[in-house]
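J.: Structure below; questions to follow.
The values are calculated or read from the model by the stated rules, or taken from the named source; none is laboratory data. It should be emphasised that the depicted structure is a prediction, and the values quoted were computed from it without experimental measurement. Every residue, glycine as well, gets a Cβ built from its backbone with ideal geometry; the counts of neighbours run over all protein chains shown.
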Amino acid sequence: MTDRFSRQRLLPWIGDGGQARIAGARVGIVGLGALGCVSSAFLARAGVGTLVLVDRDFVEPSNLPRQILYTEEDCERRLPKAVAARSHLLEARRDLEVEAHSADLDPELAMDLFARCDLVVDGTDNFETRYLLNDAAVKSGKPWVYGGAVSSYGSVLVVEPAKGGCLRCCFPAPPPAGSSPTCDTAGVLGAAVGVVGSLQAGEALKLLAGRGDLVAGGLLTVDLQTWSFGRVEAPRDPACPCCGAGRFDFLEERGVSRTHRVCGRDGILVLAPKGTRLDLAAVKARLAAAGPVFENPYLIQTEWEGHPVTLYPDGRALIQKTDDPARARALYARYLGI
């Protein structure tokens, strides 16, 4: 049988040994939006042994221009992204091991992910989750690959806790809410996402193949509108609150809210108290008296006072057509009593 990875083995920095290391690797991917679709597809096809997918969202039509794993059928079935991504990655490579978690990344899941994976790739769309990933990476001593893209530009940073600076060395705190451009306010070019996700996958493969010496280092930047590429040094900061002072504010949930504005969704995600489990069938029966309710094994959808709502078994609720966290929390309490 033809070796499907023969062209990759020809690369001097991979070879047989590097390919064997890649095959034995476990990689976590948090966020299966535009970036996560690209990085997971390349890592799966490169021969990574196991992918652990984490995403809290479901597939809808506005995702399809950029999120290359998904199909119109996924939208019609309203599948969670982690579930749909797993299915399509297995279509590309049947011997791939894939875990799919339709869940919000909390501190417990973040530490479990780093405990079980060799590295984690960022595909998220919000700063709080990225800072949580950074805390977990530094505490566990495992690398992670940050990536972000908006408009026509993006950036990539490889964080290796044992070797250099972390995300908080570059950006000590998340930007204030509303101060940074998002896909909703600035738009996003699918090709820019493709470049950033590809860079993330390439840097991850260097680490997995045992060639961390080839990692670019620093913050890589790219802008497809101006055709500019750059690199900014990102040394360790002795005064860094995370890798310098050993404070894990986001793991310990200091300054972390229980509501999040969701990029591209015109809505607020409300998180339930830890340990919450909803009986979706029972919730559907109760809510059906107030209007139509859609249900599949992963979620239910309905409308509360003109706001489209998606509920998940762990109690998460995406409440759309509002940017007011207080309004979202009030609706959540009124209809669920939590």
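J.: Among P161, P238, which is the only one that is outside the structural domain of G28 (by TED's automatic domain parsing), at pLDDT 90 or above and either surrounded by 13 or more Cβ atoms within 10 Å (Cβ to Cβ) or part of a loop (DSSP other than H, G, I, E, B) (or both)?
T.: Numbers: P161 fails: outside the structural domain of G28 (by TED's automatic domain parsing).
Exactly one of P161, P238 is outside the structural domain of G28 (by TED's automatic domain parsing), at pLDDT 90 or above and either surrounded by 13 or more Cβ atoms within 10 Å (Cβ to Cβ) or part of a loop (DSSP other than H, G, I, E, B) (or both), namely P238.
J.: Quick one: is A290 free of Cβ contacts under 8 Å to residues at least 12 places away in the same chain, surrounded by fewer than 19 Cβ atoms within 10 Å (Cβ to Cβ) and not assigned by TED's automatic domain parsing to the domain that holds F58?
T.: no
J.: Return a yes/no flag: does the stretch 171-185 have any residue that is closer than 26 Å to D106 by Cβ and outside the structural domain of N126 (by TED's automatic domain parsing).
T.: No: zero hits.
J.: So, one more: With respect to T302, determine if the residue is among the β-branched types (V, I, T) and within 21 Å of the chain's Cα centre (by Cα).
T.: no
J.: Have a look at S155, S140 and point out the one that is over 25 Å from F58 (Cβ atoms), polar (S, T, N, Q) and in contact with a Leu (Cβ under 8 Å, 6 or more places away or on another chain).
T.: On the way: S140 fails: in contact with a Leu (Cβ under 8 Å, 6 or more places away or on another chain).
Sole residue among the options that is over 25 Å from F58 (Cβ atoms), polar (S, T, N, Q) and in contact with a Leu (Cβ under 8 Å, 6 or more places away or on another chain): S155.
J.: Another one. Grab the helices (runs of 4 or more DSSP H) fully contained in the stretch 1-52, keeping just those with 1 or more residues being without any contact (Cβ under 8 Å) to a residue 40 or more places away in the chain and under 17 Å from R116 (Cα atoms).
T.: The qualifying helices (runs of 4 or more DSSP H) are 15-23.
J.: Further question: Looking at the structure I just gave you, is D266 acidic (D, E), farther than 30 Å from R77 by Cβ and in contact (Cβ under 8 Å) with a residue 60 or more places away in the chain?
T.: Considered against the rule, which asks whether it is acidic (D, E), farther than 30 Å from R77 by Cβ and in contact (Cβ under 8 Å) with a residue 60 or more places away in the chain, D266 comes out as no.
J.: Just one of (1) of a type in the set (D, E); (2) out of contact with any Gly (no Cβ under 8 Å at 6 or more places or on another chain); (3) outside the structural domain of I29 (by TED's automatic domain parsing) trips up D249, so point out which.
T.: Among (1) of a type in the set (D, E); (2) out of contact with any Gly (no Cβ under 8 Å at 6 or more places or on another chain); (3) outside the structural domain of I29 (by TED's automatic domain parsing), D249 violates only (2).
J.: So H307 clears everything in (1) crowded, with 17+ Cβ neighbours inside 10 Å; (2) closer than 19 Å to G147 by Cβ; (3) not hydrophobic (A, V, I, L, M, F, W, C) except one condition, right? Which one?
T.: Answer for H307: the failing condition is (2).
J.: Residue under question is V120, and the condition is that it be under 21 Å from R66 (Cβ atoms) and among the hydrophobic types (A, V, I, L, M, F, W, C); does it hold?
T.: no
J.: Filtering the stretch 293-304 down to residues that are in a loop (DSSP other than H, G, I, E, B) and without any contact (Cβ under 8 Å) to a residue 40 or more places away in the chain, which residue is surrounded by the fewest Cβ atoms within 10 Å (Cβ to Cβ)? Give the derivation first.
T.: Just the residues of the stretch 293-304 that are in a loop (DSSP other than H, G, I, E, B), to begin with: 293, 297-298.
Then keep just the ones that are without any contact (Cβ under 8 Å) to a residue 40 or more places away in the chain; that gives 293, 297.
Values: V293: 19, P297: 9.
Looking at residues that are in a loop (DSSP other than H, G, I, E, B) and without any contact (Cβ under 8 Å) to a residue 40 or more places away in the chain, I get P297.
J.: Pick from the stretch 104-140 the residues that are of a type in the set (S, T, N, Q) and not in a loop (DSSP other than H, G, I, E, B): which of them is nearest to L53 (Cα to Cα)?
T.: That would be T129.
J.: In the stretch 246-266, is there at least one residue being assigned to a loop (DSSP other than H, G, I, E, B), more than 20 Å from the chain's Cα centre (by Cα) and surrounded by 19 or more Cβ atoms within 10 Å (Cβ to Cβ)?
T.: Looking through the stretch 246-266, none of the residues is assigned to a loop (DSSP other than H, G, I, E, B), more than 20 Å from the chain's Cα centre (by Cα) and surrounded by 19 or more Cβ atoms within 10 Å (Cβ to Cβ).
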